[in-house]
Amino acid sequence: MQDKIIRELRLSNLDVELTDHFTISQGSVKKVNNLLVSLTLADGTNGYGEITPFQELAGEDRETCILKFNEIRDSLIGTSVLNIRKHSHFLEEALPDSPAVRCGLEMSMIDALTRQLEIPLWAYWGGRSDQTLITDVTIPILPFERSIQLAEHWLAKGFDTLKVKVGSDSDNELKILRGIFQLNNQVKFIIDANQGFDEYSALSFIREVLHFGCKVILFEQPVNRYDLDSMAKITKVLNIPVAADESVFSLQDLRKVIKAGAGRVVNLKIMKTGIFQALQIASTALAFGLDLMIGGMVETRLAMGCSVSIAMGYCPIKYIDLDTPLLMRSDPLLGGYSYCGSEIRSWENPGLGMVPLF
Ligand SMILES: [Mg+2]
């Protein structure tokens, strides 16, 4: 068992250019400034994890993540990756406000362990499905012409579901949705307001979209994350499901959402909660009859591969939103899962199956 002892933990920058600024109603990411966690076990096996801060949504930035990582690193050196859940509880207590740091550390441990065990990560979760996944693709908040150009690009690649970010300038956003609908009236839309509306504006916006014939399959986080009353009212009056995303940053948050009836779907993101808490949220939500969505912050294929493994290995997830690597100019990783149009294909190599290209 000595070979499962953590010998080294390092941090490096994971910088990637985006094709367009990733702007949502709460903020904008101009460049991917993530962090790569590299873990080495006593026998030399490596594992990798990604930390993706998104300050406007989760309150973490790169500097605080580096600080928190350095604070905690020495407590993990010399411990065994056979106790990942124990480490996960320790991290939840030690770094309650740094979910992305916890996520990156957990990921590097799970990746190293499954590499040593020589099983792919989706098999570690149970290998529930050997099918491919079909993902949507996101159109961030952009000028009209660019939004239409991007929609054309993705539709030509075979995507049938577009996730459109709204909640900033309703007139422009309605014009964009109408423009995309005119390109192809079969497109399925996920509308994500990232808390940008109040109850009244959310309902009038979505009713207008439905009025001109758009097929909306999900309405994500219409109002402020703490406004569960409005989330519940919108959930009650609309025929389309409402998803709680920013309203669920923890298992406790999920309990409140369930109690309030504030959504029929929960958006899982490992960067909001860490990996193991995301699994608890998934199981609890399913037990209460909610459907699941899985998404991410602006992550490279490394962290996204971990979410892919959960969707392929752990439990049924109805809405797959694992697209942000497609919005980047380059891919800093080799191996692992792959995209073929909207299809996400599995991998055979151990762990996440990826190595950084730098
Ligand atoms: Mg969202």
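Table for the structure above
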| read-out | value |
| --- | --- |
| For I270: the one exception among (1) within 11 Å of the chain's Cα centre (by Cα); (2) open to solvent by 10 Å² or more (accessible area, probe 1.4 Å); (3) under 20 Å from V37 (Cβ atoms); (4) of a type in the set (A, V, I, L, M) | (2) |
| Qualifying positions in segment 218-252 - within 28 Å of I84 (Cα to Cα) and in contact (Cβ under 8 Å) with a residue 24 or more places away in the chain | D245, E246, S247, V248, F249, S250, L251 |
| Evaluation of E199 against (1) under 24 Å from S247 (Cβ atoms); (2) surrounded by fewer than 14 Cβ atoms within 10 Å (Cβ to Cβ) (one fails), failing number | (2) |
| Hits in segment 15-50 (condition: within 19 Å of the chain's Cα centre (by Cα) and over 23 Å from I139 (Cα atoms)) | L35, L36, V37, Y48, G49, E50 |
| Criterion (surrounded by fewer than 17 Cβ atoms within 10 Å (Cβ to Cβ) and assigned by TED's automatic domain parsing to the domain that holds T284) met by exactly one of D160, D227 | D160 |
| Elements of type helices (runs of 4 or more DSSP H) in segment 244-331, at least 1 residues being within 27 Å of E343 (Cβ to Cβ) | 270-273, 275-287, 301-313 |
| Flag for R255 being under 20 Å from V164 (Cβ atoms), surrounded by fewer than 23 Cβ atoms within 10 Å (Cβ to Cβ) and at pLDDT 95 or above | no |
| Single condition I134 does not satisfy, out of (1) open to solvent by 40 Å² or more (accessible area, probe 1.4 Å); (2) within 20 Å of R207 (Cα to Cα) | (2) |
| Within segment 208-243, tally of residues that are in a loop (DSSP other than H, G, I, E, B) and away from the ligand (no atom under 13 Å from the Cβ) | 10 |
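Condition check ((1) part of a loop (DSSP other than H, G, I, E, B); (2) away from the ligand (no atom under 16 Å from the Cβ)) across all residues:
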site	(1), (2)
S147	no, yes
L162	no, no
K175	no, yes
Q186	yes, yes
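The values are calculated or read from the model by the stated rules, or taken from the named source; none is laboratory data. Remember, it's a predicted structure, so these values are computed and weren't measured experimentally. As a convention, Cβ positions derive from the backbone with ideal geometry for all residues, glycine included, and neighbour counts pool all protein chains shown. Side chains included, ligands, DNA and RNA excluded: accessible areas come from the protein's heavy atoms. Shrake-Rupley method; radii C 1.70, N 1.55, O 1.52, S 1.80 Å.
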